[in-house]
1. Test of understanding: given the chain, find the longest segment containing no GluC sites (Glu not before Pro) that are in a DSSP loop and have at most 12 other Cβ atoms within 10 Å.
2. Choose one of 128, 28, 56: the residue whose Cα lies farthest towards the positive end of the charge dipole of the chain (beta-carbon charges +1 Lys, Arg; -1 Asp, Glu; about the Cα centre).
3. For the chain, which span is the longest to avoid every loop-located (per DSSP) member of trypsin sites (Lys or Arg not before Pro) having at most 15 other Cβ atoms inside 10 Å?
4. Dipole size in debye (nearest 20) for the chain around its Cα centre, Lys and Arg Cβ +1, Asp and Glu Cβ -1?
5. To the nearest 10 degrees, how steep is helix 58-85 against the longest Cα principal axis of the chain, on a 0 to 90 scale?
6. Starting from the Cα of residue 58, step 7 Å along the direction of its Cβ; do the same at residue 169; then give the gap between the two resulting points in nm.
7. Which value, in Å³ per residue, describes the convex hull spanned by the Cα atoms of the chain?
8. Less than 13 Å apart at the alpha-carbon level, and either on another chain or at least 8 residues along: which aspartates and glutamates does that give for residue 10?
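Where a number appears in this text, it was derived from the coordinates with a stated rule and is not lab data. Here the structure is a predicted model, which means the values were calculated and not measured. Here the Cβ positions follow ideal geometry from the backbone for every residue, glycine too, while neighbour counts run over all protein chains shown.
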Amino acid sequence: MVASTHKTTKHRFYPSRIDLPMGTREQVVDTLSLTLATSLDLKTQIKQAHWNVKGMDFYQLHNLFDELAGEIEGYVDMVAERITALGSVARGTARVAAAESLLSEYPMNAVAGSEHVQALADAYATYARHVRDAISSTEEAGDSDTADLYTEISRTADMRLWFLEAHLIDKETRL
């Protein structure tokens, strides 16, 4: 199949029989592409924590971080496949993710479990906020299927943020 000559600022679209208007598809693919970059970045940040965590909670956090990374990997695939279902190209390289992610750089000096948990809680908060905004923007654009995908991601992101924040609470600390 030959690619169409229609391009937005960043995205190529191929012919598709999907019944969403091109303007909707362009808007939704822009949002999904930002999510893809941010999801890929989040996954690598989680793996950074997984590989480098030290301290008394090592085993528990090492396993938790691996589980979190696996969940995000599933969302990476869902988001990328939705982009292609809308007739566009999923741009999922490490370079694209680094250039377009919403996340701050991961603190490479983090060692203790609490440092990694704090860094990941911050990253998840940013991610969850973006996903929640994407629910509204894709629904308003007229793509309830993508809004539903974002709702699924949002539930898990909120739950995982809660898990991470629970590690940051002690007898003296209140959020």
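1. Value returned for the longest uninterrupted segment is 1-104.
2. The residue sitting most towards the positive pole is 28.
3. With trypsin sites (Lys or Arg not before Pro) excluded where exposed in loops, the chain gives 18-170 as its longest stretch.
4. Here the chain has a charge dipole of around 520 debye.
5. Result, in degrees: 10.
6. Roughly 2.9 nm, to one decimal.
7. Normalising the Cα hull of the chain by residue number yields 114 Å³.
8. Within reach: 26, 30, 100.
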